Structures are given as structure tokens and as C-alpha cells.
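The values are calculated or read from the model by the stated rules, or taken from the named source; none is laboratory data. These figures come from a predicted structure and were not determined experimentally. A quick note on method: Cβ atoms are made from the backbone with ideal geometry, for glycine too, and the neighbour counts reach across all protein chains shown.
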Amino acid sequence: MSDEELAGVAGYMQRAKEQAMQNVEHVAEGVAADTLSEGKLFEIAQAVGDKRLEDLNVADTTCGYCAVGCRFDLYSDGEEILAARPTEDEDAPVNGISTCVKGKFGYDFVNSDDRLTTPLVRDENDEFREASWEEALDRVAEGLGGIRDEHGGDALSVIASSKATNEENYLMGKFARQVLGTNSVDNCNRLCHSSTVAGLAATYGYGAASISVEDLELADCILLTGSNTTEAHPVLATRIKQNVRDGADLLVFDPREVQIAEYATQYSRVKPGYDAVWINGITRYIVNNDLHDEAFVEERTTGFEDVKEAVQEFTPERVEEVTGVPREEIVSAAETIAEADTCVFGWTLGLTEHSHGTENVMAMANLAAVTGNLGKPGTGVSPFRGQNNVQGGGGDMGPLPDNFPGYQDIADDEIRAKFEEAWDCDISPEYGHYTTQMFLAADDERVRGMYIIGENAALSEPGVNHAEEILADLDFLVVQDLFVNETAQYADVVLPACSFVEKTGTFTNTDRTVQMVKQVMEPKGDSRPDWKILQDLANRMGRDWDYGSTAEIMEEVNSLTPLYGGVSHARVEAEGGLQWPCWDKDHPGTERLYTEEFNTDDGKAQMQAIGYSEPAELPDDEYPFTLTTGRVLYQYHTGTMTHREEGIMQYTPSDFVEIHPDTAVDYGIESGDMVRVESRRGEVTVPAQVTDRVGRDNLFVPIHFAESAVNRLTDEEHLDPAAATPEFKVSAVRIRPVKGEAEPVRRADVEASTGDD
């Protein structure tokens, strides 16, 4: 290919930028162009255009940010990522030619000056020093092995990584059980969608989305709650907005008037923490007015009479009193859903991160079932997953305290025997600790050592003050990551891992599609892929792992995991992706769940009666406001990757607190003023952003910044009883201005604001 033909890449980028300004499908690129002052956009295009294609490495891969599963070609000169260019439509089943700002531009972290490229060990002066891999791995084997031998495997825990590949997460679970002898292995799913998994599994059988992404464009009606889709999942939001433009109804229920609400047929502001109340109110209206799908309920569900009885207390008047949603809006939403031929029900963490999140999900599952919106095109339930591989690595691959890969229960004697034989080890039938329980168990030394891979628990755990104390007091802590993050500061050994652009494997996206991740660069410095580190450690600790590639690991996965029985690298590569369940090598994968039956003993949806519940902590005279937390478009989780992207940091350089204008007047606060936000557990000081996106009694703070660490305010003790999910979305707080201090609010467009996701 000639230089002139290669310049077509730059031309493509130019045309994409121009189109982004006019087409909602590319709103992220349009905003990015403004944010980056055109320089970054054309700098990348020029960098590619200045080189001959034969001098570049090009790989089609899957994005390493959220779990939408966008695919694109990455261009590299071997030293850095130069461009991300969409693949052909048929090779990108979820996103087509669309990408969000992070997937297109967010790669400076790969070559960041503070990238961890050499193992570190803590010396006799309590300082880090560089070490060889031999010394570091020996230290880890000695530290973890010593605790195992003296106190038993139950004194150890592993936090796996939803950023890593399926194959690596499979090995993380295997390492915990086979090598360390513990079932205390968990991942970030515990802090986000574990209540989704528990609620949907109890009702339908699978704890995952029942739809394909295309159903978002086929549905006549879409109900979204607790999801700032435009910012947290921009490409999915594009599909939804296109469908609305073509005539679909969009119902948005959320404590904040998030950006997707601008496109809604109806937006209803709800009081945080009472989602099951308004959902049950809609179900009651539909059932009591004979608007439900009688045939579907009769033929394909059980528990209808119990649900009908349970929802009777949720009259429109009571729903309004409890949630603040006017009676007429409950009626209107119910009639819109009932009259639609097809409806998709979507949510994220605003529904799940509660002390009763599983009940919220079950209530939503009931609503979908009574209206018959399951198993047909344009219908279904869709929990939008947050991290790139939280569906696959966070659940499917079994780095969980209660499940083997494929959601196979460790308490089941037959299943456990299968894995004991395959892994040549004894495995306890007792469930291990969930993530937050690991930190609580460490209080009385039931957990003495941790191996944390690709997670920043010092920022992501609820009650950060407590988490910091535990991390500092552990007998031994290993952290495996790209950077010496806040958690690694407490480690005895820090191991340098690889990013997704430096290794090969698979991710599973939010609609259950398994897709390839391909290496486009060599690992930086002496960093290594997670699977190779785990293999070296396992062999040091008495095992004989001999995997030659992640393709071999996937072969072991599909031999033990029926859901992935037909998934192989060769098939995923050839077919562009496979949706589980994929039972064998001849099975085509499953586009849409529950077309004929549910994954339950009798093949029917098991509807569950859900009653009244409220948050564990309510506002009072001392702490009169309800704080909720979430994400912003230009940041990602605890900022490990995005904080190293200059353009992104110019747009959202710090946390802030959203405050209603009336509240701001009451407290004498203006945008940019520093505000102290205090809960019963801690305090943070952040600049104010005065906006009517939040209600008068509510506040919002993003989750992305170590400097403010909003999880100092959240509660680590009141967990969902079924899923052990913390209540990130409701904390009682108070505020006061910090006089004499102010900081400019750098957000260029307050319309593209933060998300309750």
C-alpha cells in the first residue's frame, strides 16, 4: 500500500470528525474534537499518515474500557499506539464504525512515564526497590505459601480482574482453589452487578443480559433506570437514540436528570434507594388493569399470584409519597410499556448498588415477565456491564467464592468432583468470602494475606478508611497491575502486568459475545501477561502448569464449562464472536435467551414476590442530604488509565459535587466553591457544580479520583444479603462551604455531565 493510500487513514479521521459534528451517532468524537482542540485528533491521523503501512503493526481487537465490546483496528509502530480505526461493519457487531472517546484516544497510559515495567519488593527500610522476576516470584511464593501452610488456605484471598482476559480470569480462580486452597476469590462484579446476577439467576436462570445489542434498535419501548447511558456506555446510547428518533418510546427513571433523559418520552425523578417501589407500582397498575400478557404468564411463568398480591400495597398514591414520582407518571409509564409490542428493560449500577439491589432486579424481572417481554426480537432485560470483561472475567470464568466457571455451584458434589479431578486438588464445599467480606474478615485475622490483580481496592472499596487500615495490616499483600496505584502502596511485592494491547485472549461483552483481543505491541519493559505470571507462581508453589498460549487455556475452559463448550479461539476469530450459551463446536451460539424456555428446573420464569424496602441509612437532621456516586464520560473507574491522558484530564481534572441551585443558595455556594461533604465515615472536599440535574435533597460525586476518594463516605457494613453488594448509591451526608477556597469547574459542557452508573 502506498503512502497516498495510507493517507486515507488521515482522511478517514478527518471525515469522521466532520460527520461527528452533525451526526448523533458520533457525538463522542464530536465532543472529543472540541475537548482536544483538534490537535490530538489530527496529531494521531498525521502520525499514521507519516509512516508507511508496512512499518506499522495493525491488529483488530476489542476495547479495554467498558463492556460494550467495541471492535476496531489499532495501529502501532511498536512503541506506542498511533490510532484506533473502526473495522469493517461485519467485524464489529456491536459498534459498527462508532467508538467512544476513550476507545479512540485513551492510550497514553500504555507508555506513561510511571508505567510499572519491573517487579518491586519492599526492603528492610520499608521502601520499594526493583527486583528480578526470580526474586519477586520467590518472595510471593514464600509469603503466600507461608500463610497457607501455617494458617490454612482460608487465611488467603484473591481479588481477580475484570480488565484481564477470560483465560487469565479462569486461571485466577484455578490458582486460588488449586494452589492456595481457598474459595475466597472474587472480583469487581461484587461491587457492581452481583445483585443483577443473583436476581436474574433466581428468576430466569442466567444472571446476564437476555438480549443482543440489536434489540435496542428493534424495541418499540425502552425503560432505562440507574443508567447514565450516554456517558457510561456511549455506543449503546447511540443505538437507543437512533431508535427513539425513529419513533420508539424511551422511559427514564433516575435520581438525576442524566443526559439520556433529554431524549426520553418521559423522565421521572426518583428518590434514591426506592427503586423496587416504583417498579412494583408499574407492575401493579398493569396487572390490576388487565394489561399483562396473560398467555405468556400462564404458559411460561410461575409465581404470578404471589407477585400480584405483593404489589397491591404499591398504589400510585403510595409510590408518589415514597419515591416522589407523580401518580400520572406511573400510570403513563405502565400504559406505554403495556401498549408497546416490544420492550427492553435496561439498567446499570443505580439499580444494583444498594443493600437491597437483588430485590430491585427481581422486581424488574417480574415486570418484564408479566408483560411478556422476553425471548422475542426487541424484548428482554439488559444490565449494561461496566468494565471491559466483567461479564466474562467477572462471572463466566468463575473467579467467585461460590461458583466455578459457567456459574457451576461449588457446593454441588458432582460439579465439585469434576473440578477436583481436572485440577488434581481437594476443594472445600464451603463458600469463600465476597470482596467486601474479605476486608471485614481481616479485622479479626481470618484473612491474613491477599493477592490483588488489576483492581484498586484502596479507592473502589466502600469505607475506604477501613480498607486502607486492612491493606496496611495484612501479613502479606501482592499487587499485580500496570502502575503502583493506591493499593500497591501497601504491597510487599508489586508485579508488572500487561495492558490489553500487549496480549492475546478473549473478552466477553455485555450481551454475552465472546470476542478476540489481539496483541499489537510487545510488553513494556519486563512486564508480563497475567496468565504467564500466574503460571510461574503456580509452578513455584508445587504445581505443573504448562500452557503454551491462551488458546490452550480456552480449550481447558470449554472442556469444563458447558456454557462455553463450543467456544475456541479459532471459532471466535473465524466468526467474529460467539454468544454464550454455545454448547459445542457445532452450536451457533445464542443470540437471544429464553426464546423457548428459561434456564430453570421447570423451564419457566420463577417470579418472586418483592415487598417494601428502604436504604440502610436514611438522611436525618444531622446528615440531611442523600449522596449518590457514579461515573463521567471522560474518566474510567479509579483513573489508572484515563488520568494519564492529557486531553481527558483537561476536560475533567478532578471530582466535584453536584448541588441543586436552591440548596446552593441556602448554603451560600457558587459553582467552583470548595465544599466539604461529610458522612458518618469520613469527609472529602471538592469543588461545587451547581445544577438542577440533581434534586434539592440529593448530591452527586464521581468515583474516579484518589485525591478526593468519595468512597471515604460510603458504607462497607450494610451489604445486600443475597449478593453482598455495598450501598454505593445512598449515603446520608451533610455539606458546608470551605470559605476562601475555590476551584474553576473545567467541564466544557455541563450538558454532558456525570452518570449514576
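Numbers below:
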{"quantity": "Those strands (runs of 3 or more DSSP E) lying entirely in region 380-482 with at least 1 residues under 17 Å from SER194 (Cα atoms)", "calculated": "380-383"}
{"quantity": "Region 187-238: number of residues that are more than 22 Å from GLY357 (Cα to Cα), of a type outside the set (D, E, K, R) and in contact with a helix residue (DSSP H, G or I) (Cβ under 7 Å, 6 or more places away or on another chain)", "calculated": "9"}
{"quantity": "Test: residue in region 434-441 that is of a type in the set (Gly, Ala, Ser) and not assigned by TED's automatic domain parsing to the domain that holds ALA202", "calculated": "yes"}
{"quantity": "Unique residue being in contact with a strand residue (DSSP E or B) (Cβ under 8 Å, 6 or more places away or on another chain), at pLDDT 95 or above and more than 30 Å from GLU678 (Cα to Cα) when the list is GLY449, GLY398", "calculated": "GLY449"}
{"quantity": "Number of the condition not met by ALA338 [criteria: (1) hydrophobic (A, V, I, L, M, F, W, C); (2) within 30 Å of THR629 (Cβ to Cβ); (3) surrounded by fewer than 24 Cβ atoms within 10 Å (Cβ to Cβ)]", "calculated": "(2)"}
{"quantity": "Scan of region 669-687 for residues that are without any contact (Cβ under 8 Å) to a residue 40 or more places away in the chain and crowded, with 17+ Cβ neighbours inside 10 Å, ordered by number", "calculated": "VAL684, VAL686"}
{"quantity": "Filter pass, GLU130 being closer than 20 Å to ASN485 by Cα, out of contact with any helix residue (DSSP H, G or I) (no Cβ under 9 Å at 6 or more places or on another chain), exposed (fewer than 15 other Cβ atoms within 10 Å of the Cβ) and without any contact (Cβ under 8 Å) to a residue 24 or more places away in the chain", "calculated": "yes"}
{"quantity": "Every residue from region 365-379 that is surrounded by 24 or more Cβ atoms within 10 Å (Cβ to Cβ), part of a loop (DSSP other than H, G, I, E, B) and not hydroxyl-bearing (Ser, Thr, Tyr)", "calculated": "ASN373, LEU374"}
{"quantity": "Filtered residue count, region 200-220, keeping only those that are part of a loop (DSSP other than H, G, I, E, B) and either of a type in the set (D, E, K, R) or out of contact with any strand residue (DSSP E or B) (no Cβ under 6 Å at 6 or more places or on another chain) (or both)", "calculated": "8"}
{"quantity": "Qualifying helices (runs of 4 or more DSSP H) (wholly inside region 287-364; at least 2 residues being in the same structural domain as VAL277 (by TED's automatic domain parsing) and within 21 Å of the chain's Cα centre (by Cα))", "calculated": "349-352"}
{"quantity": "Residue match in region 277-294 (condition: touching a helix residue (DSSP H, G or I) at 6+ places or on another chain (Cβ under 9 Å), of a type outside the set (Ser, Thr, Tyr), in contact (Cβ under 8 Å) with a residue 60 or more places away in the chain and closer than 18 Å to LEU349 by Cα)", "calculated": "yes"}
{"quantity": "Count of region 113-130 residues which are assigned to a loop (DSSP other than H, G, I, E, B) and within 17 Å of SER527 (Cα to Cα)", "calculated": "7"}
{"quantity": "So ALA261, is it within 32 Å of the chain's Cα centre (by Cα), of a type in the set (Gly, Ala, Ser) and over 30 Å from ALA732 (Cβ atoms)", "calculated": "no"}
{"quantity": "Set ASP275, ASP254, ASP186, ASP220: member being among the charged types (D, E, K, R) and within 19 Å of PRO377 (Cβ to Cβ)", "calculated": "ASP220"}
{"quantity": "Meets criteria (touching a residue at least 24 places away in the same chain (Cβ under 8 Å) and more than 29 Å from LEU351 (Cβ to Cβ)) for THR182", "calculated": "yes"}
{"quantity": "Residue within region 549-566 that is in contact with a helix residue (DSSP H, G or I) (Cβ under 9 Å, 6 or more places away or on another chain), closer than 30 Å to ASP114 by Cβ and crowded, with 17+ Cβ neighbours inside 10 Å present", "calculated": "yes"}
{"quantity": "Residue list for region 236-266, restricted to those being over 27 Å from VAL277 (Cβ atoms) and either basic (Lys, Arg) or surrounded by fewer than 24 Cβ atoms within 10 Å (Cβ to Cβ) (or both)", "calculated": "ARG239, LYS241, GLN242, ASN243, ARG245, ASP246, GLY247"}
{"quantity": "Residue list for region 269-316, restricted to those being touching a Lys or Arg at 6+ places or on another chain (Cβ under 6 Å) and polar (S, T, N, Q)", "calculated": "THR301, THR302"}
{"quantity": "Test set (1) of a type in the set (A, V, I, L, M, F, W, C); (2) at pLDDT below 95; (3) surrounded by fewer than 18 Cβ atoms within 10 Å (Cβ to Cβ) - ALA609 fails condition number", "calculated": "(2)"}
{"quantity": "Positions within region 221-231 being assigned to a helix (DSSP H, G or I) and under 25 Å from ASN366 (Cβ atoms), in sequence order", "calculated": "THR229"}
{"quantity": "Candidates ASP34, ASP89, ASP108, filtered to the one that is under 23 Å from THR640 (Cα atoms), at pLDDT below 90 and among the charged types (D, E, K, R)", "calculated": "ASP108"}
{"quantity": "Segments classed as strands (runs of 3 or more DSSP E), wholly inside region 585-699, with at least 3 members that are assigned by TED's automatic domain parsing to the domain that holds ILE279 and of a type in the set (A, V, I, L, M, F, W, C)", "calculated": "none"}
{"quantity": "Qualifying residue in region 620-630 (condition: in contact with a Phe, Trp or Tyr (Cβ under 6 Å, 6 or more places away or on another chain), farther than 30 Å from ALA201 by Cβ, buried (at least 22 other Cβ atoms within 10 Å of the Cβ) and not hydrophobic (A, V, I, L, M, F, W, C))", "calculated": "no"}
{"quantity": "Lone qualifier among GLU646, GLU591, GLU658, GLU617 - being surrounded by fewer than 17 Cβ atoms within 10 Å (Cβ to Cβ), under 28 Å from the mean Cα position of the chain (by Cα) and either modelled with pLDDT of 95 or more or farther than 30 Å from GLU80 by Cα (or both)", "calculated": "GLU591"}
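Residue by residue, here is whether (1) touching a helix residue (DSSP H, G or I) at 6+ places or on another chain (Cβ under 7 Å); (2) over 19 Å from ASP536 (Cβ atoms); (3) part of a loop (DSSP other than H, G, I, E, B) holds:
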residue	(1), (2), (3)
GLU134	no, no, no
ALA141	yes, no, no
GLY146	no, no, no
ASP154	no, yes, no
SER157	yes, yes, no
